[in-house]
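Each reported figure results from applying straightforward, stated rules to the coordinates on display, with no laboratory input. It should be emphasised that the depicted structure is a prediction, and the values quoted were computed from it without experimental measurement. Ideal geometry is used to build each Cβ from the backbone, glycine not excepted, and the neighbour counts take in all protein chains shown.
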Amino acid sequence: MTTATQENTSPRSEQVRRRDIRVSKSLLAVSPDIGKALTYEMTTHDDGVAATGGVFGMFLGAMGKGKSTLMVQYAQLANHVPGLAGKWDVVNLRNQHVPETVIWRGLEYDHWNCLIPEYWIQSFPGTHPKPIRLHMHYRDRLDFYIQAGKKKYRLMLSGEDIRFYNSPEQLYENLLQGGINVVYEPQEYYLSEKTLTRLLASQLAKKSDYSKMEDVRAPSAMWWYEFIETLSRIKARHEFYTLHLDEADDIFPFGAQGNHWHMIGWLTRSIIHLRKNNVSLLLATQDINLLDHRIYDRVNYFMWLPGSRPKTRVSMVHQNLIRTLPRGWGIVEEANSRFGRIRFQRIPRQPPVVQAVGLSGI
Ligand SMILES: Nc1ncnc2c1ncn2[C@@H]1O[C@H](COP(=O)(O)OP(=O)(O)O)[C@@H](O)[C@H]1O
Ligand SMILES: [Mg+2]
């Protein structure tokens with residue numbers, strides 16, 4: 001177990017520790033400039049000059065290797081260049097970046113509390129964090145606790161910072177534009193015939209099977225399909241969204257059956273449309289093999305962290321290079337095109353994880 005004193009790294013011990021890390025030559029040969037360029041591309045969604053729209057990114061790494069640490073920072077960084085702006089004023093492109101609306105999938109144990117502006121400023125003084133809003137289903141009453149040592153504190157959020165939704169449409173209405181929206185999926189989710197028909201319309205031949213179907217209780221994570229479909233249908237083109245879906249293997253698991261398998265197919269066919277419609281998806285999971293291959297086949301940016309296992313079919317990064325990654329280093333790749341290295345620190349003074357109490361567990 002790590003004690004509080006070990007956690008506190010004085011500048012001196014940090015130096016010693018850095019010297020202790022032996023970084024392989026092959027890792028040093030990887031370009032940090034490409035790493036920076038790709039990080040920029042992942043976080044800046046340009047509908048102006050480059051007109052690249054949204055991205056489909058994935059963070060991979062063993063437990064504790066920095067997926068969440070990077071994800072929270074990407075949530076703050078996510079920004080976009082509005083449609084027409086850059087075409088008129090290329091020189092000042094950098095001044096036209098607008099903070100992007102983030103939708104963050106809330107988990108039982110999560111790090112979103114460090115995104116609360118008061119905490120974020122303690123970690124990164126002088127920055128201007130995005131405002132935050134928490135969303136839950138109107139039937140759910142989740143409470144949030146922070147475990148600090150032996151004590152457990154209830155995280156108090158003001159009523160204004162919490163919104164309840166009874167449908168994906170209402171959640172959309174309640175989104176805090178330009179802010180971070182932490183969304184807890186409904187704890188009891190019923191997949192309706194209407195939703196299935198909408199999602200699987202391209203397989204109309206099978207529709208008759210669904211029409212006999214009653215609403216079925218489905219794993220809560222499947223609610224995200226309904227939300228993503230609704231968002232892409234009702235959002236305005238000039239609105240930009242980044243969805244952060246951690247533990248993505250709940251939503252796109254390897255070996256899904258029946259309707260779930262078809263829904264993964266629907267999403268993979270929709271990704272290009274989502275990106276063109278300025279929606280970005282950033283997924284995280286511990287191992288690529290936990291996911292349906294149709295999902296990772298569509299990824300256009302990978303972040304390989306220690307312990308991850310790139311697949312030759314989708315990546316040009318070699319497993320041996322990943323083996324040389326010390327903690328705090330990562331390889332960011334534009335799928336099968338180019339890759340670079342990045343370095344990152346832990347989030348200074350990060351508050352302990354927040355625990356959601358009142359989850360149903362399916
Ligand atoms: N570069 C780093 N150096 C030291 N500690 C780090 C670094 N990055 C992350 N950590 C710490 O490691 C722990 C696990 O990181 P986290 O981002 O939660 O991993 P994951 O989401 O991959 O499980 C956290 O306590 C975090 O503060
Ligand atoms: Mg994590």
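Of note:
- The chain: angle of helix 67-77 to the longest principal axis, Cα-based, in degrees nearest 10: 80
- Straight Cα distances below 17 angstrom link Lys235 to the aspartates and glutamates Asp47, Glu100, Glu169, Glu173, Glu226, with same-chain residues fewer than 8 positions distant left out.
- Placed amide H near Thr101: partners under 5 Å, 5+ positions off or other chain: Gly178, Phe240, Thr242
- Estimated 222 nm signal from helices in the chain, with DSSP H stretches of n ≥ 4 weighted -39500 (n - 2.57), rounded to 500: -8000 deg cm²/dmol
- For the stretch 153-200, the Cβ-based charge dipole about the Cα centre amounts to some 60 debye (Lys, Arg positive; Asp, Glu negative; other atoms uncharged).
- Long-range HN-HN contacts of His45 with modeled amide H, under 5 Å: Asn79, His80, Val81
- In order along the stretch 172-180, phi translates into HN-Hα couplings of 4, 4, 7, 4, 8, 5, x, x, 9 Hz, rounded to whole numbers, per the Karplus curve 6.51 cos²θ - 1.76 cosθ + 1.60 with θ = phi - 60° and x for Gly and Pro.
- The chain: most fluctuating residue of Asn174, Asn259, Asn300 per GNM, C-alpha cutoff 10 Å: Asn259
- Selection from Leu134, Thr285, Met156 lying farthest towards where the dipole of the chain points positive, charges on Cβ: Thr285
- Computed from backbone phi, the HN-Hα couplings of the stretch 186-195 come to x, 6, 10, 10, 10, 7, 8, 4, 4, 5 Hz, rounded to whole numbers (Karplus: 6.51 cos²θ - 1.76 cosθ + 1.60, θ = phi - 60°; Gly and Pro given as x).
- Principal-axis tilt of helix 223-234 within the chain, Cα atoms, nearest 10 degrees: 80
- Cβ-Cβ FRET estimate between Ala201 and Arg154, R0 fixed at 56 Å, reported to 0.05: 0.80
- For the chain: span of alpha carbons on each principal axis (Å, largest first): 67, 49, 45
- Simple Cβ-charge dipole of the chain, Lys/Arg +1 and Asp/Glu -1, about Cα centre, in debye nearest 20: 1220
- Stokes-Einstein D in µm²/s, Kirkwood radius over Cα pairs - the stretch 245-362 at 10 °C with 1.306 mPa s viscosity: 98
- Principal-axis tilt of helix 11-20 within the chain, Cα atoms, nearest 10 degrees: 90
- Seen from a random direction on average, the alpha-carbon convex hull of the stretch 149-270 projects onto 10.2 square nanometres.
- In order through the stretch 282-296: 3J(HN,Hα) via Karplus (6.51 cos²θ - 1.76 cosθ + 1.60), integer Hz, x for Gly, Pro: 10, 9, 9, 7, 7, 8, 4, 5, 6, 9, 5, 5, 4, 6, 6
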